[in-house]
Amino acid sequence: MNQRPDILIIGGGVIGLTTAWNLAGQGVSVSVVDRQQVGREASWAGAGMLPPGRLQNAITPEARLRAYSHQLWKTLPEELKARTGIDNGYRRCGSVETCTANQAEAFDRQLSDWRAEGIVVEELDRTDIEKHIPALAENVPSGVFLPEFGQVRNPRHVKALAAACRQMGVEILEDQEQLSLTLSGQRVEATTPDRQFACDRICVCAGSWSSKVLDPLGVSLPVKPVRGQMVQLKVSQLPFSCVIEQGRRYIVPRADGLILVGSTEEYVGFEKRNTTEGVADLLKFAESLVPELGRAEVIRCWAGLRPGSPDELPFLGRIPQFDNLFVGAGHFRSGLQMSPGTGAVLADILLNRTPDIDMDGLTFDRVATMTA
Ligand SMILES: Cc1cc2nc3c(=O)[nH]c(=O)nc-3n(C[C@H](O)[C@H](O)[C@H](O)COP(=O)(O)OP(=O)(O)OC[C@H]3O[C@@H](n4cnc5c(N)ncnc54)[C@H](O)[C@@H]3O)c2cc1C
């Protein structure tokens with residue numbers, strides 16, 4: 001058993017595990033502590049949509065992290081499969097993006113941002129759109145197709161990450177409900193009832209719970225849970241194979257005939273229930289876009305808690321008032337897509353190296369200018 005990890009990661013969602021995988025790949029001794037089984041929160045609940053990016057033209061912090069991750073997604077699934085045998089279901093499925101009349105202005109802005117970034121965008125008239133989605137409702141006259149858009153089966157991905165981490169010697173400690181952080185001078189120490197972690201550095205990757213973990217140290221991190229409900233349908237034959245997005249809602253077809261319909265955005269604290277209203281709204285949305293989904297079988301529904309931040313971007317890096325405390329949390333709707341880039345930059349920061357991308361707009365310092 002590894003009693004003296006160099007780096008302790010608190011939280012084994014996609015962010016903590018990807019960071020651990022990157023660190024272990026560089027020969028660093030890592031422990032991941034989770035209060036339950038790893039990969040069972042937002043990283044399990046999400047839809048696994050992976051939008052494209054172009055790093056050389058990415059200007060905003062969001063675009064940089066998305067584009068960097070988009071590059072890394074090209075190789076990560078194969079690396080994990082080679083190591084663990086687990087196929088995470090990553091595939092380039094493309095996406096059809098549509099909008100309602102109310103969303104037209106925002107949609108046009110998004111379109112010009114994609115174009116400015118150099119993302120491949122194909123305009124679709126009604127005839128073209130039917131080639132991608134023959135069953136699309138008649139009242140959708142046009143849209144655009146993003147051929148580089150991908151998806152991953154996120155529950156399988158976190159399973160592959162955890163297995164790969166274990167194989168590389170990462171110590172994963174599950175069901176640790178009573179981890180506490182205390183201050184000793186400028187350094188933070190982590191203990192559980194039966195263990196004191198003698199680690200050089202601690203990184204908090206506890207998703208929506210990160211602010212609770214940091215509270216006892218007097219650190220105010222403006223990360224709040226944002227509930228997202230999801231419905232899973234099943235059809236005998238998929239009526240389309242690409243993702244369909246309309247505003248903040250979407251339909252994601254899996255290769256085996258399962259279809260995810262998401263999602264709500266609700267500020268209801270740490271409450272993970274599904275509601276009649278939420279589920280009914282998603283079913284109505286799916287049927288209004290693809291009428292034949294009205295005959296699909298409803299398999300299950302669930303809800304997850306996205307780690308929301310005021311500017312919808314994560315906080316990555318050292319918390320300045322401490323020598324050894326770091327954070328990687330607040331990815332909101334984009335934690336799966338941004339996880340490869342996040343894991344790489346956090347590993348670099350934890351090892352005192354300069355990350356591959358400019359971190360401006362992604363670090364902890366901006367907390368000072370925000371209200372939760
Ligand atoms: C419905 C829904 C749809 C989504 N769809 C997408 C999508 O299509 N694409 C995309 O990119 N993103 C999507 N997201 C967002 C994405 O899932 C999250 O941004 C991402 O999973 C956050 O990962 P995380 O590791 O930070 O948090 P989590 O996955 O929530 O992991 C946090 C971990 O910390 C642990 N933890 C909490 N407290 C403690 C403690 N005190 N001690 C130890 N461990 C602790 C938890 O048990 C958990 O394992 C979606 C989210 C939801 C809910």
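The values are calculated or read from the model by the stated rules, or taken from the named source; none is laboratory data. These numbers were taken from a predicted model, which means no experiment stands behind them. Neighbour counts run over all protein chains shown; Cβ positions are idealised from the backbone, glycine included. The area values use the complete protein model at the heavy-atom level, side chains included, leaving out ligands, DNA and RNA. Shrake-Rupley method; radii C 1.70, N 1.55, O 1.52, S 1.80 Å.
In region 281-314, which residues are within 19 Å of residue 270 (Cβ to Cβ) and either free of Cβ contacts under 8 Å to residues at least 60 places away in the same chain or in a strand (DSSP E or B) (or both)? 301, 302, 303, 304, 305, 306, 307, 308, listed by residue number. Among the residues of region 357-365, some residue qualifies, meaning at least one is within 20 Å of residue 206 (Cα to Cα) and not in a helix (DSSP H, G or I).
Within region 4-18, the set of residues being closer than 19 Å to residue 305 by Cβ and either near the ligand (Cβ under 6 Å from one of its atoms) or modelled with pLDDT under 95 (or both) comprises 10, 11, 12, 13, 14, 15, 16.
Every residue, every condition in (1) farther than 30 Å from residue 168 by Cα; (2) free of Cβ contacts under 8 Å to residues at least 12 places away in the same chain; (3) within 17 Å of the chain's Cα centre (by Cα), yes or no:
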| residue | (1), (2), (3) |
| --- | --- |
| 55 | no, no, no |
| 58 | yes, no, no |
| 64 | no, no, yes |
| 77 | no, no, yes |
| 82 | no, yes, no |
| 118 | yes, no, no |
| 126 | yes, no, no |
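Taking the listed residues 215, 175, 200, the one that is closer than 30 Å to residue 81 by Cβ and either of a type in the set (D, E, K, R) or modelled with pLDDT under 95 (or both) is 175, with no other qualifying. In region 87-100 there is at least one residue matching the filter, namely being under 27 Å from residue 247 (Cβ atoms), of a type in the set (S, T, N, Q) and open to solvent by less than 30 Å² (accessible area, probe 1.4 Å).
What are the residues in region 145-155 that are outside any loop (DSSP other than H, G, I, E, B) and either basic (Lys, Arg) or crowded, with 19+ Cβ neighbours inside 10 Å (or both), if any? Once the filter is applied, which keeps residues that are outside any loop (DSSP other than H, G, I, E, B) and either basic (Lys, Arg) or crowded, with 19+ Cβ neighbours inside 10 Å (or both), region 145-155 yields 145, 146, 150, 151, 154. Here the strands (runs of 3 or more DSSP E) wholly within region 156-246 that include at least 2 residues being closer than 23 Å to residue 77 by Cβ and touching a residue at least 24 places away in the same chain (Cβ under 8 Å) are 224-234, 243-246.
When each of 268, 235, 279 is tested for being surrounded by fewer than 18 Cβ atoms within 10 Å (Cβ to Cβ) and over 28 Å from residue 313 (Cβ atoms), the lone residue that passes is 235. Look at (1) in contact with a strand residue (DSSP E or B) (Cβ under 6 Å, 6 or more places away or on another chain); (2) open to solvent by 20 Å² or more (accessible area, probe 1.4 Å) and you find that residue 262 fails only one, number (2).
Check whether at least one residue in region 169-181 is more than 14 Å from the ligand (Cβ to nearest atom), buried (at least 19 other Cβ atoms within 10 Å of the Cβ) and more than 25 Å from residue 143 (Cβ to Cβ), and report yes or no. There is at least one residue in region 169-181 that is more than 14 Å from the ligand (Cβ to nearest atom), buried (at least 19 other Cβ atoms within 10 Å of the Cβ) and more than 25 Å from residue 143 (Cβ to Cβ).
Of all residues being basic (Lys, Arg) and within 11 Å of the ligand (Cβ to nearest atom) in region 295-341, which is surrounded by the most Cβ atoms within 10 Å (Cβ to Cβ)? Just the residue, please. Residue satisfying both the conditions and the ranking: 306. Looking at the structure I just gave you, is residue 79 among the charged types (D, E, K, R) and under 25 Å from residue 247 (Cβ atoms)? In short, no. Note on region 206-225: residues that are more than 8 Å from the ligand (Cβ to nearest atom) and hydrophobic (A, V, I, L, M, F, W, C) total 5. May I ask you to verify whether residue 25 is near the ligand (Cβ under 7 Å from one of its atoms) and of a type outside the set (A, V, I, L, M, F, W, C)? No, not satisfied. Annotation: of all residues in region 182-205 being open to solvent by 20 Å² or more (accessible area, probe 1.4 Å) and touching a helix residue (DSSP H, G or I) at 6+ places or on another chain (Cβ under 8 Å), the one that is nearest to the ligand (Cβ to nearest atom) is 182.
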